[in-house]
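Data block below; observations after.
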Number of protein chains: 2
Amino acid sequence: MYPIITISREFGSGGHSIGEAVAKELNIPLYDSIIVDKVAAESGFSKDVVFEDGEYSSPSQAWYSSRTAYLANFPSPQDRIFDAQCEVILNLAEKGPCVIVGRCADYVLSKAGIPALNVFIHADMEYRKTRIIEHYGETNVPVEKRLRKKDKGRKAYYRYYTDREWGDSANYHLNLDSGFLGEMVCVDIITSVARRMDVK
Amino acid sequence: MYPIITISREFGSGGHSIGEAVAKELNIPLYDSIIVDKVAAESGFSKDVVFEDGEYSSPSQAWYSSRTAYLANFPSPQDRIFDAQCEVILNLAEKGPCVIVGRCADYVLSKAGIPALNVFIHADMEYRKTRIIEHYGETNVPVEKRLRKKDKGRKAYYRYYTDREWGDSANYHLNLDSGFLGEMVCVDIITSVARRMDVK
């Protein structure tokens, strides 16, 4: 049986497309926006809020939000979304092999003792800038600024909820430079590792 | 033509064996102790000193050594070894495709504008402890302490001479967890990427 595969990714690195291709190739489900939908349905927050607050925070946002909530003796909105997200991820993981993109899934599963193949996709700034412009077009915010802001938000979120460093090799089994290797090679590496694993 | 492949590795992760197997599989030379021999011959330092001072430093050693030398207006022994090592690495790289293990080769080549496939091999502490005891046996220093000291020395050396973080995904094209994946899978990933690259 294939393993559960988690894919964390720098913004613009193509990690999401790679996840899609891996899921298609292995014929297993991909969980991305469905997590947002389910968390929104279960928590009562809007999809937009879950989308943002379930993966991004400004470096101080999570701390302030939680601190204020702690002083008022109730969980912060971001903490409630995180808890709902953990539950949704664990429920989806129970169904069997799948690809889960983002949302600290590597941490959520490992903390619950559920084995997974954890992948981190990254690429240099030039590759990601070109890709973002191709996919999302230009805005009035310079593309590099958009990229750095997104990465910073994911990094801060991950650090706050996991006490780990986002992108640190120690937390992943495969860290792949999609800009250097190309998306197709990344897909081949991940699928070939998954095919060689025999998870009971 | 295959690319030049650099392999950086945590102590005990099997990175050296993986490098050997990759070189054998691709039928290209492996440069490891030959670098030490050549640097020793060219710099006049003993092989033991080159082996240690060309890859390890205590967090403050490189700084103090260089600072003292700077004040006395001559390069420190460690700086002289580093310079000789860079030259040896660049000369070897000129000969064509090869595998170079350790010695900041990823940085040395990229600084000289020479393309390479840069790999970092890591594994968790338990895997590395078992492997070190199997390969080198027990000593009166606990194995975990030996491991941490070696890693710390390599990290400090790398940071001092490259201004980069050792093991940080951004510096490598492939970071592989050999404990999770197994040495054979790591070898297969690296060789298959090398075979798909066509370096002019």
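The values are calculated or read from the model by the stated rules, or taken from the named source; none is laboratory data. Since the model is a prediction, treat every value here as computed from it, not as a measurement. Glycine gets a Cβ as well: all are built from the backbone with ideal geometry, and neighbour counts include every protein chain shown. Ligands, DNA and RNA are excluded from the accessible area calculation, which covers all protein heavy atoms including side chains. Shrake-Rupley method; radii C 1.70, N 1.55, O 1.52, S 1.80 Å.
B:Phe120: open to solvent by less than 60 Å² (accessible area, probe 1.4 Å), among the aromatic types (Phe, Trp, Tyr) and facing chain A (nearest Cβ under 10 Å), yes or no? So B:Phe120 passes the test. Conditions first: (1) within 14 Å of another protein chain (Cβ to nearest Cβ); (2) modelled with pLDDT under 95. A:Tyr136 passes all but one, so which condition is the exception? Of the numbered conditions (1) within 14 Å of another protein chain (Cβ to nearest Cβ); (2) modelled with pLDDT under 95, the odd one out for A:Tyr136 is (1).
Within segment A:95-104, is there a residue that is modelled with pLDDT under 85 and open to solvent by 60 Å² or more (accessible area, probe 1.4 Å)? The answer is no; no qualifying residue exists. The lone criterion from (1) in contact with a helix residue (DSSP H, G or I) (Cβ under 6 Å, 6 or more places away or on another chain); (2) crowded, with 18+ Cβ neighbours inside 10 Å left unmet by A:Asp151 is number (1). Take the conditions of a type outside the set (A, V, I, L, M) and at pLDDT 90 or above and apply them to A:Tyr158. Does it pass? It is false that A:Tyr158 is of a type outside the set (A, V, I, L, M) and at pLDDT 90 or above. Residues that are at pLDDT below 95 and crowded, with 20+ Cβ neighbours inside 10 Å were ranked within segment A:167-191; the one that is farthest from A:Val99 (Cα to Cα) is A:Ser169. Of all residues in segment A:180-198, those that are under 25 Å from A:Asp124 (Cβ atoms), within 7 Å of another protein chain (Cβ to nearest Cβ) and of a type outside the set (Phe, Trp, Tyr) total 4.
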